[in-house]
Amino acid sequence: MSTLLAALGRWSFRHPWRVLVTWLLLLCIAGGGVALFAQGTDNSFSIPGTESQEGLEQLSRTFPQVSGTSAQAIVVAPEGQKVDAAPFTTDVKSTIADIEKLPGVLAVSDPFSDQVDGLVSDDGTAAIIQMQFKGQVTDISDSTKSSLEAVISDLRTELPDGSAVELGGDLFATELPTISITEAVGLVIALLVLIVTFRSFLVAGMPLLTALLGVGLSMALIYVSTAFSSISSTTPLLALMLGLAVGIDYALFIISRHQDQVRDGMDPEESASRATGTAGSAVVFAGVTVLIALIGLAFAQIPFLTTMGIAAAVAVAIAVAVAVTLTPAFLGFAKGRVVGWRRRSPAAQPPDLERASAASESKRTAEESDVVSAHSPTPAKKGFATRWVGLVTRHPIVTTVAVVASLGALSVPAASLALALPNAGMLPEGSQARQTYDLVSEHFGPGFNGPLIMTGTIVTSDDPLNLMHDIGDDIAKLPGVASIALATPNETADTGIVQIIPTTAPDDPATADLVRELRDQHDRILDEYGVDMKVTGFTAVAIDISDRLGGALLPFGVFVVGLSLVLLAIVFRSIWVPLKAAAGYLLSVGAAFGIVSLVFVHGVGADLLNVTKVGPIISFMPIVLMGVLFGLAMDYEVFLVSRMREDFVHARRRGDGRTPRQTAQDAVRSGYTASARVVTAAAVIMFAVFAAFVPEGDMNLKPIALGLASGVAIDAFLVRMTLVPAVMALLGDKAWWMPAWLARRLPHFDIEGEAVEREIALADWPEPHMTAAVVSEGLELTTADGATLYRDATLRVEPGGTLVLHSADHRSARALALTVAGRVAPTDGRLKVDGHLLPGRAMWVRGHVGVALLTGAADPAADIRGALKRRTRVLVIDGLDAAVSAGTRDQVTAELRDAASVTPDLTVIATAADAAAARTLLAEAGRASDVIDVSTAPRRASHAALSAAADSPEVIA
């Protein structure tokens, strides 16, 4: 991975215009797709497979008058007047007649009709006009909405002064979220942080440009996809918020590494390549963790949430792709102009770049020496990061207890979190739908804003009307039921409904309890009345969605935490580091939930954050917050702890006489000091971007944005930059312990670009301008069960040469040949094939080295011909002596001669149990060959495992 990214970074640096134009073309194409195909967002929520959804689908077929979208207008008489008297009655009847003429209207309820009950308040001061429309909210055209608003406006002007007429209901219960100027404040703060971090206006603008381009492309793709799927209006804003945050941070990590290297005197092109290979590897890993967590939102099995997770994952994936391509391209435009201005210091700084870099390096070295050794004769002035990590690691127990206790206390309010889907009661107080909601609650009770419906098939009933009245009277006796608004069969008398008005608001937990109680009555009603009743209605659908989301939190949490343990164990080759990281993540999530609960449930600071109503929060906030914060927390863990591990490994190799525990603790301090600046900048930027969506943001997005902003701040500054170094100092060298058997079985992810560093260090090995096709030194392969297949394999084959590998046990020769072909990774030693260092360049080698397995082959000549299809310059043949029979010998030699005529410098590495027979066959093909015996200690790897490795990139060592 790191070597591929380094090559990509170098190419992007050399061809910046190509990269930039490519991304701009993609953005233009996607923008054109939006103009042609975008259908707009859909704010309807559904949850297939639930009782409420099945009930709605049944009603849409048999009782459409109560299954579609509803709206309501409330009329309130001025003080001293009654709404059930003229002129209110005549004006309302005239308005109803106008509404019935609108397209899509199925039914309008006259509150003053003798056949309608409950639409006039008990004190006669208010009346409700109920309307039913065909289809879902998104099916109602804007022209119909505008016409309805005009009719209600006319009624408002006709009624006496002091009357209140407001329009609301499900049709107006949601408002499309928009972007305000407040969100731009987050970008301004991000720019200021970048300027301070990079000390350059030119460099500071690069992360913003890359993030904006990536977000523009992802937003365009999301709106194009509305032509093929239903996407809620919250989805693009979540993708925007997340794409901006990670897009800026991912570019920041790469550019920061590049700037440090250029300041140290490295060539800009080489620096861009190495920064993309090293920091870019960490970016890819961090992006993958966010992707997996977002796609894991599908655990809830709710379509709109799955779509939201996929859309946000697309935004993150694009941010990663832009970071590792467009960022080095921008660095290619800048060339060496990335150093930035000098820091102020009492001493004069050298004026030229080389001397400035030398002074910077000297200061950095002095700071690190001060951390590592207390005997430095001229310690440099310590920065805040050095002083802070020194304090934390000197008192690790106190620090750990303080952080855990504080975050634990902050998590306590999370227990009172209540979940609900958005309704008109969550809208700003100035909106008409919110005013309608409040007036209905005031005059008719809070439950009138969220009626429940029970429906069932009554086709076998002889008296459907009385049957439904009896069921309605029975249900009215249940606690939590305010009244029965309607209990009637449909026109064909095959389906009946009971419309229930709860005593509590639709987002009140008591209403959810009532839904569960009604469902508990199912068997009793079926026994007494013979009707299979389902509880449905939009309020029931919202409750079912909240319950499904609440039930998905535990399995999703197990998935996320389990994933973090596995991924971090792979990256850090440690048991304790993943456990500590997972525990820190849980503390961050709990504290973020606690803060959201304090603001949105308990009202602490609600006015300051422009929260218009406290109470339940949007149902999918917890699972979205858990998924996104997991990815971001792993970002900080990787960028902080990987530097500690790097310093520990290097210090241990130097062997300077300190104990392993001292070495590990010093590595914690030096690694922290080296990475604190970048992690701090990244956290501040993410906090600013998320926090900007809180004050004026969409009410559905507010709790998510606040949770992410507070979660990022807590995780970065309290968990990763305070708790982590304290715990690492307590663990000492045990932090990097892992059982040997587990280390052998886990795959290796080059998070710090070790392959790039190794490739650079061995660039002139075995000599400058090396010409050998295959060269190795000290190769060794030991399998997971401890068997050694070969050791100290030192080879050198010039282009056009031929080498036969022979061993007493053919498995050794086969393993070495497959190592040369890039199919098996050695456990030790050095190997270059066609100038490419293995195992870092194994992917390239696998694509350019042909492999023919002749043992047991039906047509050896065809296998060799197939291996040569790509005109490879290196050919590996296993079991060449298997082709010595009279039927195949001539064909094989002919294939080899033809290949040599096409590729004169073709190099052949062959294995054979009978080396003499193989040499004879090669001589007939015009190839002189050498033989090497690679026999070594006892081996237990099977032919099957090695054969599988020939066709797979799996590492068996």
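The values are calculated or read from the model by the stated rules, or taken from the named source; none is laboratory data. Everything quoted here is computed from the prediction, not taken from an experiment. Glycine also receives a Cβ, built like all others from the backbone with ideal geometry; neighbour counts cover every protein chain displayed.
Here are the numbers:
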| quantity | calculated |
| --- | --- |
| The stretch 523-561: number of residues that are out of contact with any strand residue (DSSP E or B) (no Cβ under 7 Å at 6 or more places or on another chain) and not hydrophobic (A, V, I, L, M, F, W, C) | 12 |
| Within the stretch 379-437, tally of residues that are at pLDDT below 75 and among the hydrophobic types (A, V, I, L, M, F, W, C) | 5 |
| Those residues of the stretch 747-770 which are over 23 Å from the mean Cα position of the chain (by Cα) and modelled with pLDDT under 80, in sequence order | GLU754, ALA755, VAL756, GLU757, ARG758, GLU759, ILE760, ALA761, LEU762, ALA763 |
| Residues of the stretch 156-212 that turn out to be at pLDDT below 80, part of a helix (DSSP H, G or I) and of a type in the set (A, V, I, L, M, F, W, C), as a count | 6 |
| The lone exception for GLY530 - which of (1) buried (at least 18 other Cβ atoms within 10 Å of the Cβ); (2) under 28 Å from ILE501 (Cβ atoms) it fails | (1) |
| Some residue of the stretch 170-188 being surrounded by 15 or more Cβ atoms within 10 Å (Cβ to Cβ) and touching a strand residue (DSSP E or B) at 6+ places or on another chain (Cβ under 6 Å) | yes |
| The stretch 813-827 residues that are within 20 Å of ALA913 (Cα to Cα), paired with ones that are among the acidic types (Asp, Glu) and surrounded by fewer than 24 Cβ atoms within 10 Å (Cβ to Cβ) (beta carbon under 9 Å, 6 or more apart) | ALA813/ASP933 |
| Unmet criterion (only one of (1) outside any helix (DSSP H, G or I); (2) under 43 Å from the mean Cα position of the chain (by Cα); (3) free of Cβ contacts under 8 Å to residues at least 24 places away in the same chain) for MET454 | (3) |
| Output for the stretch 559-578, where each listed residue is buried (at least 18 other Cβ atoms within 10 Å of the Cβ), in a helix (DSSP H, G or I) and among the β-branched types (Val, Ile, Thr) | VAL560, VAL561, VAL571, VAL577 |
| Some residue of the stretch 457-466 being closer than 21 Å to LEU514 by Cα and modelled with pLDDT of 85 or more | no |
| Evaluation of PHE133 against (1) outside the structural domain of ILE318 (by TED's automatic domain parsing); (2) farther than 23 Å from THR492 by Cα (one fails), failing number | (2) |
| Helices (runs of 4 or more DSSP H) fully within the stretch 632-736 counting 1 or more residues that are within 30 Å of ALA173 (Cβ to Cβ) and either assigned by TED's automatic domain parsing to the domain that holds ASP607 or within 19 Å of the chain's Cα centre (by Cα) (or both) | 660-691, 702-713 |
| Residue match in the stretch 512-525 (condition: basic (Lys, Arg), part of a loop (DSSP other than H, G, I, E, B) and either more than 21 Å from SER619 (Cβ to Cβ) or more than 44 Å from the chain's Cα centre (by Cα) (or both)) | no |
| Residue among SER70, SER60, SER12, SER2 that alone is surrounded by 17 or more Cβ atoms within 10 Å (Cβ to Cβ) and under 29 Å from VAL105 (Cβ atoms) | SER70 |
| Residues that are out of contact with any Pro (no Cβ under 9 Å at 6 or more places or on another chain), in contact (Cβ under 8 Å) with a residue 12 or more places away in the chain and not hydrophobic (A, V, I, L, M, F, W, C), drawn from the stretch 19-41 | GLY31, GLY33, GLN39, GLY40 |
| Scan of the stretch 898-918 for residues that are under 13 Å from THR802 (Cβ atoms) and part of a helix (DSSP H, G or I), ordered by number | ALA899, ALA900, ALA915, ALA918 |
| Residue match in the stretch 615-637 (condition: surrounded by 21 or more Cβ atoms within 10 Å (Cβ to Cβ) and charged (D, E, K, R)) | yes |
| Any hit, the stretch 79-95, residues being among the hydroxyl-bearing types (Ser, Thr, Tyr) and either part of a loop (DSSP other than H, G, I, E, B) or closer than 27 Å to LEU421 by Cα (or both) | no |
| Only listed residue being closer than 26 Å to GLU759 by Cα, of a type in the set (Ser, Thr, Tyr) and touching a Pro at 6+ places or on another chain (Cβ under 8 Å), chosen from THR819, THR827, THR794, THR782 | THR819 |
| Per-region count, the stretch 545-565, residues in contact (Cβ under 8 Å) with a residue 12 or more places away in the chain and closer than 25 Å to ALA713 by Cα | 9 |
| Matching residues, the stretch 193-213, being aliphatic (A, V, I, L, M), buried (at least 21 other Cβ atoms within 10 Å of the Cβ) and closer than 20 Å to LEU20 by Cα | VAL203, ALA204, MET206, ALA211 |
| Lone qualifier among ALA71, ALA164, ALA126 - being of a type in the set (Gly, Ala, Ser), under 30 Å from ALA493 (Cα atoms) and under 52 Å from the mean Cα position of the chain (by Cα) | ALA71 |
| Selected residue (criterion: surrounded by the most Cβ atoms within 10 Å (Cβ to Cβ)) from residues of the stretch 277-286 that are within 15 Å of PHE639 (Cβ to Cβ) and in contact (Cβ under 8 Å) with a residue 60 or more places away in the chain | GLY280 |
| Sole exception among (1) outside any helix (DSSP H, G or I); (2) at pLDDT 85 or above for ALA107, by number | (2) |
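Conditions (1) within 19 Å of GLN72 (Cα to Cα); (2) assigned by TED's automatic domain parsing to the domain that holds HIS522, marked per residue:
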| residue | (1), (2) |
| --- | --- |
| PRO446 | yes, no |
| GLY456 | no, yes |
| LEU478 | no, yes |
| VAL481 | no, yes |
| GLN499 | yes, yes |
